[in-house]
Number of protein chains: 2
Amino acid sequence: MSKTVASARVLILAGGSGTRLWPRSTDSHPKPFLSLAGPHSLLRDTFERAVSVVGPGRVLISGRRAHADLLRRELPELPESVLIMEPVRRNTAPAIGLAARLVADEDEDAVLVVLPSDQAVRDERAFRSALDAAIDLARAGDLFVTIGIPPTRPETGFGYMEIAPAGPEGHAGARRVVTFVEKPDLETAARYLASGRFLWNAGIFVFRAVYLLEQMRAFCPDVLSAVEAAAARRRANDVAGFDESFAFSPAVSLDYAVMERTPEVWTVPCDCGWSDLGSWEAVFEFRGGDVSKSVLSGPVHAVEARSNLVLAHDKPIRVIGLEGIVVVDSPEGLLVMKRGASDALRKSVEETLRAEEAIRA
Amino acid sequence: MSKTVASARVLILAGGSGTRLWPRSTDSHPKPFLSLAGPHSLLRDTFERAVSVVGPGRVLISGRRAHADLLRRELPELPESVLIMEPVRRNTAPAIGLAARLVADEDEDAVLVVLPSDQAVRDERAFRSALDAAIDLARAGDLFVTIGIPPTRPETGFGYMEIAPAGPEGHAGARRVVTFVEKPDLETAARYLASGRFLWNAGIFVFRAVYLLEQMRAFCPDVLSAVEAAAARRRANDVAGFDESFAFSPAVSLDYAVMERTPEVWTVPCDCGWSDLGSWEAVFEFRGGDVSKSVLSGPVHAVEARSNLVLAHDKPIRVIGLEGIVVVDSPEGLLVMKRGASDALRKSVEETLRAEEAIRA
């Protein structure tokens, strides 16, 4: 831990779901709690990563109250005081604003780093260097810093950031963000990739906590007032009051509420083997699968098989004569899918959920 | 039930295993106990079929003592007196000889029908007619009658019977068997199919019980003497003595011990949609799967999928973008296989069993 980051804090966003990761990811056991990248959960990995950047005792976790037990089991060393349990889902802006309020109360110079907990990086060192540079930059002025991932394919599932043609030296090559763009179509994504002027938005934000609060006052005062009220109730240990105040906030993302409107956003490009693990295809690639190599986990016997992703749960899986197939076992169900059919999976799971809701209604 | 079959008995062979039906068929829960053809087990279906031919109270079951509890659960209406529990596996000749001895003791004119319990037929009426004709023919003389299935493909997994170029009229077109041939290679099987003079041997035998005993005396006296001794111990309710006597028999099939040597074997051709359900491919075909149609059983959601066999167990299976794939879930394990790769499955399961034995040894 370098001296410059001594007063930085991390907020880990432990919400998140993902119908494209059925049957492992479900509403009661969502993506951050899955061991998709290796032996530990994504949340556990994110927590270790956060500690390696800002040191112990400086990490807050925001999550859904419905997952409180899961959270405590996954991070048993954490005191209750660092858990921010949301009674209802309100997207990212209120959760991040609340953390900024709590952090600023303790240290008005504090820099806050916001990390989603459902991502993985292959090169931890490169990632830490980028975060250090981002913290440095954020501390220096009235601005926001993001982490920008150089695209490796014309991905249509991510938001992009367009960066200025040239930037000043220093801060690990940080560049100014000209504009945020939502998930593009394939043609646009291919153009972005070819231009070299677009980076993937990893949803990682770094800023001085008080600066965010100022900007929220300007761009989303309704979110800020809910957040201020919730923070006051939290200080008073008034859980019911906290819940009521928090729920009063509109549901809005920080991207939409602040980032796309505020004048000064910078990004630190980071080529660190980042993945959002947003689909089984992404898991396959992150874990080293390719046209000839399969990714196998657990008791799997594979015969005459290549380029498959096979994740066993408790009982053995025998895979014979397959190419390009995803097999994922779990207590909830079993998926057998052609690789790359993640959109069809998402639609199918959403249809089932709608049908189940219709039955309940 | 016609008058002519009043003194016929059926022996159901409830042994059998099948590594090509992993993970459903295992040593502790073998093929006759599986519901492969429909909602009931193959054994239950075979029992109902037997009762429809010879009437109730005339069916014996031979099986392994290790499966006694399974048998009683599957056929709870049967008294212990009709169960012949083999202490060790000795192939079919001793089991069939023993049943012939027990049946002949009760009725020396009795005709015995031997039915494997791991087969299915689509046209039950055609099958019953063929059996009635076979019983009729067997009662009339010193001969054996088999059921011959007209081949529909150049199958290399079955034994064949070559039939005489022409037969006399009557007995449902029964023809004399010139010779039994073991599982042929593909070229030979294709020649058999084209010739029109070869039928599949379904392993179904019909004969007067006393005639079998005579023939065993001539061709396999060592089997007969073990059988006679075992029958005597059984009559005396001496289980340990029965086990010892039975185990004394050589392990040999009735085909090899008698059928391939005895002079008079006839066959009743029976085009009844017979299947041995000997592989997942056979199950797929028997249950109506084809190039466009899938066979799905249990809670299966299939999207953009065709020509698959998907058998769920208790939890839901989601199948997306697949063609020509076998998915079978069971408490023992999970199979995901390209259709038609049954030989690779057999080899893989046998390798695992050998490895497990090596660890135990």
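Where a number appears in this text, it was derived from the coordinates with a stated rule and is not lab data. A quick note: this is a predicted structure, and the numbers were derived from the prediction, not measured. Don't worry about glycine lacking a Cβ; one is built from the backbone with ideal geometry, like all the others, and counts go over all protein chains shown.
Filtering segment B:118-128 to residues that are assigned to a helix (DSSP H, G or I) and in contact with a strand residue (DSSP E or B) (Cβ under 9 Å, 6 or more places away or on another chain) leaves only B:PHE127.
For segment A:254-285, the set of residues classified as free of Cβ contacts under 8 Å to residues at least 60 places away in the same chain and within 24 Å of A:ALA93 (Cβ to Cβ) consists of A:ARG261, A:PRO263, listed by residue number.
For segment B:12-61, a residue qualifies if it is closer than 25 Å to B:VAL295 by Cα and hydrophobic (A, V, I, L, M, F, W, C), and the qualifying residues are B:LEU21, B:TRP22, B:PHE33, B:LEU34, B:LEU36, B:ALA37, B:LEU42, B:LEU43.
With a requirement of 1 or more residues that are more than 13 Å from A:LEU322 (Cβ to Cβ) and touching a residue at least 12 places away in the same chain (Cβ under 8 Å), the strands (runs of 3 or more DSSP E) lying completely within segment B:317-361 that satisfy it span B:317-320, B:325-329.
Condition first: in contact with a helix residue (DSSP H, G or I) (Cβ under 9 Å, 6 or more places away or on another chain), surrounded by fewer than 22 Cβ atoms within 10 Å (Cβ to Cβ), in contact (Cβ under 8 Å) with a residue 24 or more places away in the chain and within 25 Å of A:PHE127 (Cα to Cα). Can you find one or more residues in segment A:240-253 that meet it?
Initially, segment A:240-253 is screened for residues in contact with a helix residue (DSSP H, G or I) (Cβ under 9 Å, 6 or more places away or on another chain), giving A:240-253.
Keeping just the survivors that are surrounded by fewer than 22 Cβ atoms within 10 Å (Cβ to Cβ) gives A:240-241, A:243-244, A:247-248, A:250-253.
With in contact (Cβ under 8 Å) with a residue 24 or more places away in the chain added as a condition, the list becomes A:243, A:247, A:250-253.
Subsequent filtering for residues that are within 25 Å of A:PHE127 (Cα to Cα) retains A:253.
Yes, because at least one residue in segment A:240-253 is in contact with a helix residue (DSSP H, G or I) (Cβ under 9 Å, 6 or more places away or on another chain), surrounded by fewer than 22 Cβ atoms within 10 Å (Cβ to Cβ), in contact (Cβ under 8 Å) with a residue 24 or more places away in the chain and within 25 Å of A:PHE127 (Cα to Cα).
Could you say which residue among A:VAL258, A:VAL268, A:VAL283 is more than 9 Å from chain B (Cβ to nearest Cβ), within 23 Å of the chain's Cα centre (by Cα) and part of a strand (DSSP E or B)?
Details: A:VAL258 fails: part of a strand (DSSP E or B); A:VAL283 fails: part of a strand (DSSP E or B).
None of the other options fit; the residue is A:VAL268.
Go through segment A:177-219 and give me each residue that's touching a Phe, Trp or Tyr at 6+ places or on another chain (Cβ under 7 Å) and without any contact (Cβ under 8 Å) to a residue 24 or more places away in the chain. Scanning segment A:177-219 gives a single hit, A:VAL181.
Looking at segment A:314-361 only, could you name the residues that are within 16 Å of B:LYS315 (Cβ to Cβ), under 25 Å from the mean Cα position of the chain (by Cα) and more than 8 Å from chain B (Cβ to nearest Cβ)? Passing the criteria: A:VAL328, A:SER330.
Exactly one residue among A:LEU115, A:LEU193, A:LEU186 is closer than 28 Å to A:ARG58 by Cβ and not basic (Lys, Arg), and that residue is A:LEU115.
To keep it simple, each residue is scored yes or no on (1) among the hydrophobic types (A, V, I, L, M, F, W, C); (2) within 24 Å of A:ARG208 (Cβ to Cβ).
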site: A:ASP109; (1), (2): no, yes
site: A:ILE135; (1), (2): yes, yes
site: A:GLY141; (1), (2): no, yes
site: A:PHE158; (1), (2): yes, no
site: A:ALA174; (1), (2): yes, yes
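Of all residues in segment B:121-142, which are closer than 16 Å to B:GLY273 by Cβ and buried (at least 22 other Cβ atoms within 10 Å of the Cβ)? Walk me through it before giving the result.
Within segment B:121-142, the first condition is being closer than 16 Å to B:GLY273 by Cβ, and the residues that meet it are B:121-131.
Once the filter is applied, which keeps residues that are closer than 16 Å to B:GLY273 by Cβ and buried (at least 22 other Cβ atoms within 10 Å of the Cβ), segment B:121-142 yields B:VAL121, B:PHE127, B:ALA130, B:LEU131.
Of all residues in segment B:23-68, those being in a loop (DSSP other than H, G, I, E, B) and surrounded by 17 or more Cβ atoms within 10 Å (Cβ to Cβ) number 9. Can you tell me which residue is farthest from B:ASP329 (Cα to Cα) among those in segment B:287-301 that are aliphatic (A, V, I, L, M) and buried (at least 19 other Cβ atoms within 10 Å of the Cβ)? Residue satisfying both the conditions and the ranking: B:VAL295. Is there a residue being of a type in the set (Phe, Trp, Tyr) and within 14 Å of chain B (Cβ to nearest Cβ) anywhere in segment A:22-37? So far as segment A:22-37 goes, yes, one or more of its residues are of a type in the set (Phe, Trp, Tyr) and within 14 Å of chain B (Cβ to nearest Cβ).
Just one of the numbered conditions (1) buried (at least 20 other Cβ atoms within 10 Å of the Cβ); (2) in contact with a Leu (Cβ under 7 Å, 6 or more places away or on another chain); (3) more than 14 Å from chain B (Cβ to nearest Cβ) is not true of A:TRP274: (2). Scanning segment A:295-306 finds one or more residues that are over 18 Å from B:GLU323 (Cα atoms), without any contact (Cβ under 8 Å) to a residue 60 or more places away in the chain, in a loop (DSSP other than H, G, I, E, B) and at the interface with chain B (Cβ under 10 Å from one of its Cβ atoms).
For the condition buried (at least 22 other Cβ atoms within 10 Å of the Cβ) and out of contact with any Ser or Thr (no Cβ under 8 Å at 6 or more places or on another chain), what is the one hit in B:VAL103, B:VAL111, B:VAL82, B:VAL88? Answer to the check: B:VAL103.
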